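To start, the structure under review is shown below, and the notes come after it.
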């Protein structure tokens, strides 16, 4: 199977109607997109490299889902609506069975969010996936990292830390294997390999939240990006952090490490004014997404944790850095 037959067989979908914003999709030198009048484009790219972002034996259907999910999660963090995506794919060889599974996982999630494939490239080489996703939103509505304000509440969605526990078990960490035994629960594996992009929540928070981002490199490290961009600090209330049943038996220090420093959660971390608590609750209910208020933004710089007795401690946590690990 040659390159163009590969594209035609697995990635061209002539029976799929394109949304009106996509004037020209797969098959030409460029795709042509035209945002809804009065809207602007939101664009993001993410790369997944074998051995760095995923294990070599991961199921292709699962990999297709995650490749799409991590990009849609960026749109969710901005409050944008998906328009389409491109896929650049390097393959060591054209494996028909692998491609079928990968495309099924990719398109199942893309179709669920009305995000068609509009172009891309394929080549031979070490397995590498790069997706660029396009979305739209009205000018001034983007949930930027630089918009947090002193006095804001700090929120996170879902159950941060579960993906970290799954990753540690798969890597053979003794403490994780001791905790989970010889079997990794399917729900935990899914949190690592099949994250759910919080698009409905992100869109529901437009006009409600001030700042937001998605959690890819750990809650504390990613929060640092908001604090730096906004010129503010934050207090995290340890007692308010969500406690996943899968993590409750961990020693306190290990639990904190998973929740605050674990990556691959792809949950939304956001700030909103105190007066918007009711609106945040409504957004969570509308999007059917659990949301937890975990702290507040301060005018004083720095990131601190606060225990149930009100004692504060500085938190030194950096997000994952590909060139430092």
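Every number in this text was worked out from the coordinates using simple rules, so none of it is lab data. These numbers come from a predicted model, not from an experiment. For neighbour counting, all protein chains shown are included, and Cβ atoms are generated from backbone atoms with ideal geometry for every residue, glycine included.
Could you list, bin by bin from short to long, the percent of Cα-Cα pairs of region 20-66 in 5 Å steps?
The calculated distribution, bin by bin, is 5, 14, 16, 13, 14, 15, 14, 7, 1, 0.
State, in angstrom, two size descriptors of region 18-98 derived from its alpha carbons: Rg to one decimal place and Dmax to the nearest whole number.
Looking at region 18-98, its Cα Rg and Dmax stand at 15.1, 45 Å.
Could you give the radius of gyration (one decimal) and Dmax (whole number) of the Cα atoms in region 184-232, in Å?
Expressed in Å, the Cα Rg and Dmax of region 184-232 come to 13.9, 41.
By DSSP, what percent of the beta bridges with both residues in the chain are antiparallel, rounded to the nearest 5?
Of the beta bridges lying entirely in the chain, close to 75 percent run antiparallel.
Based on the alpha carbons, how large is the Rg to Rh ratio for region 92-142 when Rh follows Kirkwood?
Rounded to two decimals, Rg over Rh is 1.08.
Would you mind computing the Rg to Rh ratio of region 145-314 from its alpha-carbon coordinates, Kirkwood style for Rh?
That ratio is 0.97, to two decimals.
Using a/c under 1.5 as the rounded threshold, could you call region 76-233 rounded, prolate or oblate? The axes a ≥ b ≥ c are square roots of the C-alpha gyration tensor eigenvalues, and prolate needs a/b larger than b/c, oblate otherwise. Provide the component values of the computation, followed by the final result.
Values: a/c = 2.15, a/b = 1.18, b/c = 1.81.
Note, shape of region 76-233 comes out oblate.
So what is the orientation-averaged projected area of the chain, using the convex hull of its C-alpha atoms, in nm²?
That works out to 17.4 nm².
Mean-square fluctuation check for the chain, GNM, Cα pairs under 10 Å: which of 133, 26, 156 is largest?
Ranking 133, 26, 156 by mean-square fluctuation puts 26 first.
With the chain treated as a Gaussian network of Cα nodes joined by springs under 10 Å, which of 111, 57, 15 yields the largest mean-square fluctuation?
15
Return the single residue from 24, 269, 143 with maximal mean-square fluctuation; model: Gaussian network over the chain, springs between Cα atoms under 10 Å.
Among 24, 269, 143, the largest GNM mean-square fluctuation belongs to 24.
If the chain between residue 17 and residue 47 were fully stretched, how many nm would it gain, using 0.36 nm times the residue separation less the Cα-Cα distance?
Between residue 17 and residue 47, full extension yields an extra 8.1 nm.
Any chance you could check the Cα centroid distance between region 1-62 and region 241-278 for me, in angstrom?
32 Å
For region 3-137, what is one quarter of the convex hull surface built on the Cα atoms, given in nm²?
Over every viewing direction, the Cα hull of region 3-137 projects on average to 7.8 nm².
Order by neighbour count: 44, 73, 190, 178, fewest other Cβ atoms within 10 Å first, most last. Spell out each step's value before the answer.
Values: 44 20, 73 26, 190 16, 178 9.
Fewest-to-most ranking of 44, 73, 190, 178: 178, 190, 44, 73.
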